[in-house]
Amino acid sequence: MSTAIAAERPQATVEERFEYTLRLADTSLVAGQRLAEWLGHGPALEEDLALGNIALDLIGQARLLLALAGRIEGRGRDEDALAFWRDAGQFRNVSLAEQPNGDFGQTIVRQCLLDAWQLETYASLAGSLDAELADIAKKAAKECRYHWRYSSGWLVRLGDGTEESHRRIGAAMQDLWRFTDELLTPDGLDARMAECGIGPPPAAVRERWEQRVAGVLEEAKLPLPARPHYPWHGKRGVHTESLGHLLATMQHLPRTYPGVSW
Amino acid sequence: MSAPAADAAATREGRIWRTLESVLDPEIPVVNVVELGVVRHVRTAGDGRIHVGLTPTYSGCPATEVIEQAVRAALDHAGLDDVMLETVLWPAWSSEWLSESGRRKLEAFGVAIEPRAGTAPACPRCASRNVERIGEFGSTPCKAHYRCRTCREPFDTFKCI
């Protein structure tokens, strides 16, 4: 890059980079923890394995991203400190990630909408000026593309399946669609990170997400839900009730026995 | 670096590679970590210390830490205790990083390898191409699950993504 361009580009502050990295990290962490609740409860052994493996990938991504956030912050917090010693109001995941599993169809809808977003976001972040973030994103994008293949495959099977599966997955789509606005509408920090060359251009992510999701909905013979208007603010730390319950389970052990290890 | 120092470094790097070849994958203990393609480099830094770069197969693979610990233990046992282990994320691992010998051992063990993303492998038991995918995921993050329509046996496959 020429120095002229470098000089024109605004520089993100440490706080902005920390907050932004937490959004990505917490979304993966919370989505991974939710999927892990399926362990031993999957509708078939293959699906149990699949959901568990996707959870592992997501928690692995979260570890890398939380460790990066801790290094950016520079106050000595590692990935465990950030995962286990923050309360709900300090989590920056999008609200969709924390929504309860419901039945298998509801989980598939949540995962599908989130996979499409993570996949497009990480693919775009591969070109981030934050080189460490770019490396994590390139690996994560490959994984999320594979997750999408699984979740979108199931969306089509259930949407274009029996009358009952069509009805139930359609209802789940109508219910969870209201959380997608938060994924696609940038707030000040998203816009700022794009300006600084760290985050992806939000309009491009939105366009690719909409294209991808509209395509799979059509294949699944499900109607495209109407655009939602209600704004959620998970990425600013305002969460639905579900997150607190999830964190209580996830954080109970390390908080009860600080420093405990296997 | 002077010529004798460079020779000494090369000898030491060679010893490290041989030591790493003694560390088996904890979940598929027929291949070592070099054959698996998770050792990215062994190189001597400016300060004379040797750096070993390891990469995870998948971000969340639980074997990553076990492998790190096993590598550390093997190096310690070989008296190579001044080695720095570092994590390399890019280029990301895929089944293309498996070595030829690794591939042969895996197939002999009954694990197939997807030739390309989304392309079905041959059955490791009877070599039939008439196979079907049962699940995108298998017993470890790096594998998918297939079934052979010819010999009827299910088998694991290293997936290519």
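The values are calculated or read from the model by the stated rules, or taken from the named source; none is laboratory data. Because the structure is predicted, anything quoted here is derived from the model rather than measured. Note that we place each Cβ from the backbone using ideal geometry, even for glycine, and neighbour counts take in every protein chain shown.
Quickly run through region A:102-150 and pick out the residues that are in contact with an Asp or Glu (Cβ under 6 Å, 6 or more places away or on another chain) and either more than 14 Å from chain B (Cβ to nearest Cβ) or outside any helix (DSSP H, G or I) (or both).
The first filter runs over region A:102-150 and keeps only residues in contact with an Asp or Glu (Cβ under 6 Å, 6 or more places away or on another chain), leaving A:143-144, A:147-148, A:150.
Passing the criteria: none in range.
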Original post:
Checking B:Thr157 against (1) closer than 18 Å to B:Ala92 by Cβ; (2) within 14 Å of chain A (Cβ to nearest Cβ); (3) surrounded by 13 or more Cβ atoms within 10 Å (Cβ to Cβ), which test does it fail?
Top reply: (1)
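Every residue, every condition in (1) of a type in the set (Gly, Ala, Ser); (2) more than 28 Å from B:Lys159 (Cβ to Cβ), yes or no:
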{"site": "B:Ala8", "(1), (2)": "yes, yes"}
{"site": "B:Gly14", "(1), (2)": "yes, yes"}
{"site": "B:Ser22", "(1), (2)": "yes, no"}
{"site": "B:Glu27", "(1), (2)": "no, no"}
{"site": "B:Ile67", "(1), (2)": "no, no"}
{"site": "B:Ala70", "(1), (2)": "yes, no"}
{"site": "B:Asp82", "(1), (2)": "no, yes"}
{"site": "B:Leu85", "(1), (2)": "no, no"}
{"site": "B:Phe109", "(1), (2)": "no, no"}
Subject >> Any hit, region B:41-52, residues being buried (at least 16 other Cβ atoms within 10 Å of the Cβ) and either within 14 Å of chain A (Cβ to nearest Cβ) or assigned to a helix (DSSP H, G or I) (or both) >> reply: no
Original post:
Given the residues B:Gly60, B:Gly135, B:Gly53, which is the only one that is touching a His at 6+ places or on another chain (Cβ under 7 Å), of a type in the set (Gly, Ala, Ser) and under 27 Å from A:Leu66 (Cβ atoms)?
Top reply: B:Gly53
**OP:** Please go through region B:68-89 and pick out each residue that is crowded, with 16+ Cβ neighbours inside 10 Å and within 14 Å of chain A (Cβ to nearest Cβ).
**Re:** B:Glu68, B:Val88, B:Leu89
**OP:** State whether one or more residues within region A:58-72 are farther than 29 Å from B:Ser95 by Cα and either at the interface with another protein chain (Cβ under 8 Å from one of its Cβ atoms) or in contact with a Leu (Cβ under 9 Å, 6 or more places away or on another chain) (or both).
**Re:** yes
Original post:
Can you name every residue in region B:72-115 that is part of a loop (DSSP other than H, G, I, E, B) and within 16 Å of the chain's Cα centre (by Cα)?
Top reply: B:Val88, B:Leu89, B:Trp90, B:Pro91, B:Ala92, B:Trp93, B:Ser94, B:Leu98, B:Ser99, B:Glu114
**OP:** Please work out which residue is surrounded by the fewest Cβ atoms within 10 Å (Cβ to Cβ), limiting yourself to region A:14-57 and to residues that are closer than 18 Å to A:Thr249 by Cβ and within 10 Å of chain B (Cβ to nearest Cβ).
**Re:** A:Gly52
**OP:** Search region B:127-138 for residues being within 14 Å of chain A (Cβ to nearest Cβ) and outside any loop (DSSP other than H, G, I, E, B), and hand back the single one that is farthest from A:Ala44 (Cα to Cα).
**Re:** B:Glu132
Original post:
If we scan region B:58-65, do we find a residue that is surrounded by fewer than 13 Cβ atoms within 10 Å (Cβ to Cβ) and free of Cβ contacts under 8 Å to residues at least 60 places away in the same chain?
Top reply: yes
Original post:
Among the listed residues B:Pro141, B:Pro115, B:Pro124, which satisfies the condition of being under 21 Å from B:Trp97 (Cβ atoms), at pLDDT below 95, away from every other protein chain (no Cβ under 14 Å) and touching a helix residue (DSSP H, G or I) at 6+ places or on another chain (Cβ under 6 Å)?
Top reply: B:Pro124
Original post:
Any residue in region B:93-111 that is within 14 Å of chain A (Cβ to nearest Cβ) and among the aliphatic types (A, V, I, L, M)?
Top reply: no
**OP:** Evaluate the following for A:Gly153: is it surrounded by fewer than 17 Cβ atoms within 10 Å (Cβ to Cβ) and assigned to a loop (DSSP other than H, G, I, E, B)?
**Re:** no
